[in-house]
């Protein structure tokens, strides 16, 4: 009698039957892990092989690779967004520095993960629109609200009186760039951090606010306001 090899046994194992929503979720989660590891040049055939399913099964749920990438965006960036962060930024019962520290420390726990950082980098390198869409989202939900709150903190004209300037927004991009770079060091460059992330965020926010107190009024003054 012929003995079955391990691969023969695996191929003869019946595929698990899952509810449609469970299979959809399984494929999406596997795609997040797969693209985070290999980038968006990764082939769906290889994804199917790793999952132990057929490529046609994946396409039954996601009709194209573009549709699967869109789901990855929804899972990682939209799905992990916490609307509470927006309420933290806007809560004027709390000092602005405290609000910024709370937001960025909590946000860092989500954004500085392996899949979040690597998918974002791979998206930019391949020309996917994940970066553009998310950065526009971030600007409207975080950067512009922080700039408005800083005006209030410094006793400067409101955005209704004087529209926000690109210089104000760019200064806040600096905070986000600093935080994201920590993720690059961890998950792209494999360069361990010597300091605790919360400690780095403390220093970053303190430096930003100290500089903003001088820079923002000067910017508005130079623009004739």
Exercise for the section: Using the structure shown, decide if residue 202 is loosely packed, with under 14 Cβ neighbours inside 10 Å and in contact with a helix residue (DSSP H, G or I) (Cβ under 7 Å, 6 or more places away or on another chain). Expected result: no
Exercise for the section: Within segment 52-73, count every residue that is free of Cβ contacts under 8 Å to residues at least 40 places away in the same chain, assigned to a helix (DSSP H, G or I) and either surrounded by fewer than 16 Cβ atoms within 10 Å (Cβ to Cβ) or out of contact with any helix residue (DSSP H, G or I) (no Cβ under 7 Å at 6 or more places or on another chain) (or both). Expected result: 8
Practice task
Output yes when any residue across segment 142-153 is under 22 Å from residue 71 (Cα atoms), modelled with pLDDT of 95 or more and surrounded by fewer than 18 Cβ atoms within 10 Å (Cβ to Cβ), and no when none is.
Solution key: no
Fill in the blank from the handout: When restricted to 221, 174, 183, the only residue modelled with pLDDT under 95 and assigned to a helix (DSSP H, G or I) is 221
Handout entry: Any hit, segment 163-175, residues being surrounded by fewer than 16 Cβ atoms within 10 Å (Cβ to Cβ), without any contact (Cβ under 8 Å) to a residue 24 or more places away in the chain and more than 18 Å from residue 138 (Cβ to Cβ)
Key = yes
Exercise for the section: Tell me which residues, restricted to segment 114-154, are assigned to a loop (DSSP other than H, G, I, E, B) and either touching a residue at least 60 places away in the same chain (Cβ under 8 Å) or touching a helix residue (DSSP H, G or I) at 6+ places or on another chain (Cβ under 7 Å) (or both). Expected result: 128, 154
Exercise for the section: Determine whether segment 113-130 contains at least one residue that is over 18 Å from residue 183 (Cα atoms) and surrounded by 18 or more Cβ atoms within 10 Å (Cβ to Cβ). Expected result: yes
Handout entry: Conditions (1) closer than 23 Å to residue 108 by Cα; (2) surrounded by fewer than 18 Cβ atoms within 10 Å (Cβ to Cβ); (3) touching a helix residue (DSSP H, G or I) at 6+ places or on another chain (Cβ under 7 Å); number of the one not met by residue 83
Key = (3)
Practice task
Would you mind stating whether residue 48 is assigned to a helix (DSSP H, G or I) and modelled with pLDDT of 95 or more?
Solution key: yes
Practice task
Find all pairs meeting these conditions: Cβ atoms under 8 angstrom apart; at least six residues apart or on different chains; first residue within segment 15-30 and more than 25 Å from residue 115 (Cα to Cα) and not assigned by TED's automatic domain parsing to the domain that holds residue 42; second residue assigned to a helix (DSSP H, G or I) and modelled with pLDDT under 95.
Solution key: none
Fill in the blank from the handout: Out of (1) surrounded by 18 or more Cβ atoms within 10 Å (Cβ to Cβ); (2) assigned to a loop (DSSP other than H, G, I, E, B); (3) assigned by TED's automatic domain parsing to the domain that holds residue 196, the one residue 92 does not meet is (1)
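The values are calculated or read from the model by the stated rules, or taken from the named source; none is laboratory data. Note that the coordinates shown come from a computational prediction; the quantities given were computed from them, not determined experimentally. Counting neighbours? That spans all protein chains shown, and the Cβs are built from the backbone with ideal geometry, glycine included.
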